[in-house]
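Read the structure below first, then the notes.
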Amino acid sequence: MTDLLRVDGIEAAYGKVTALKDVSIAIRPGEIVAILGANGAGKTTLLNAISGVLPVTAGEIRFDGAPINGRKPWQTSRLGISHVPEGREIFPDMTVEANLNIVDSNGGGPAFTVPDILEMFPRLQERISQLAGGLSGGEQQMLAIGRGLMARPRLILFDEPSLGLSPVLTKFVLSSIAGLRAKGIATLLVEQNMRAALRIADRAYVLRVGRIVRAGTAAEIANSPDIQEAYLGV
Ligand code: ATP
């Protein structure tokens, strides 16, 4: 199967600080690919570069065969790239239902309705008329994922979905993400929780100070004894 996303030799910078250097990754439809790395390795920057939040200064990003360098986030969203950022970015003063309904569903991937999202996350059903700002951290994460899916992505970018969640909720949220494989949606999963991410990922890349230093199947990365110490700072 051909790649859905190809990132070739990209660079990105914040002023004079280079955050990504010669980064290349690829992902096929239905694959779950983890991006691992310590704090500050460039994981968030990579997702921002793909979704168009941050322009790249070199290299090329191709989605479904076409270059998407320079596209704005609303344009990549319409092409079928849904970005669920760290910090979740839900609308706190709107109800759960309104947060789901306001999403522009133009991604061209599998369709999700509000009832589909509530079936996936029954906790949200109980909170449907409440303001999103009053939800717990785990519920906000579920809502953010639901919003990401309502956009009908073909590729979904998750930034630290387990951040701040209990082990039980982390397991639940990551297994919900794993379920997207059956729909043919490709998932790029940024996680500091390496073990949890590798449990659901097919492949992984390891970033270190802006460069890809390792790549392999989830099993290869999980079984490589030096990785945690060398690259993840744990
Ligand atoms: P974390 O898990 O801490 O978010 P990360 O792997 O996602 O880490 P990035 O947030 O992508 O890392 O940061 C990569 C590098 O870019 C770091 O050196 C960071 O300090 C720097 N950086 C990130 N955002 C900015 C910014 N807005 N301005 C300047 N430098 C930044």
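The values are calculated or read from the model by the stated rules, or taken from the named source; none is laboratory data. The model shown is predicted, which means the values in this text are computed figures rather than measured ones. Positions of Cβ are backbone-derived with ideal geometry, glycine not excepted, and every protein chain shown enters the neighbour counts. Surface accessibility is based on the protein's heavy atoms, side chains included, excluding ligands, DNA and RNA. Shrake-Rupley method; radii C 1.70, N 1.55, O 1.52, S 1.80 Å.
For the structure I just gave you, tell me whether I185 is crowded, with 22+ Cβ neighbours inside 10 Å and farther than 25 Å from D22 by Cβ. Judged against the criteria, I185 is a match. Of all positions in the stretch 91-104, none carries a residue that is under 20 Å from V209 (Cα atoms) and either more than 16 Å from the ligand (Cβ to nearest atom) or within 19 Å of the chain's Cα centre (by Cα) (or both). If I filter the stretch 82-132 down to residues being aliphatic (A, V, I, L, M) and assigned to a strand (DSSP E or B), which single residue comes out as modelled with the highest pLDDT? Here the answer is L131.
Scanning the stretch 104-141 for residues that are out of contact with any strand residue (DSSP E or B) (no Cβ under 9 Å at 6 or more places or on another chain) and either farther than 22 Å from L79 by Cβ or not polar (S, T, N, Q) (or both) yields a count of 26. Based on what the data block shows, is V173 open to solvent by less than 10 Å² (accessible area, probe 1.4 Å) and in contact with a Lys or Arg (Cβ under 6 Å, 6 or more places away or on another chain)? It is false that V173 is open to solvent by less than 10 Å² (accessible area, probe 1.4 Å) and in contact with a Lys or Arg (Cβ under 6 Å, 6 or more places away or on another chain).
Can you work out which of the residues in the stretch 41-61 that are under 15 Å from the mean Cα position of the chain (by Cα) and open to solvent by 40 Å² or more (accessible area, probe 1.4 Å) is nearest to R208 (Cα to Cα)? Ranking the qualifying residues of the stretch 41-61, first place goes to T44. Each residue in the stretch 53-75 was checked for being part of a strand (DSSP E or B) and either over 18 Å from A19 (Cβ atoms) or touching a helix residue (DSSP H, G or I) at 6+ places or on another chain (Cβ under 7 Å) (or both), and 5 of them qualify. Does the stretch 188-226 hold any residues that are open to solvent by 20 Å² or more (accessible area, probe 1.4 Å), among the β-branched types (V, I, T) and under 21 Å from L4 (Cα atoms), and which are they? Scanning the stretch 188-226 gives I200, I212, T217.
Matching residues to (1) open to solvent by 60 Å² or more (accessible area, probe 1.4 Å); (2) touching a Pro at 6+ places or on another chain (Cβ under 9 Å):
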residue: L4; (1), (2): no, yes
residue: T76; (1), (2): no, no
residue: V84; (1), (2): no, yes
residue: F91; (1), (2): yes, no
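When restricted to residues that are modelled with pLDDT of 95 or more and either outside any loop (DSSP other than H, G, I, E, B) or within 9 Å of the ligand (Cβ to nearest atom) (or both), the stretch 14-41 contains 13.
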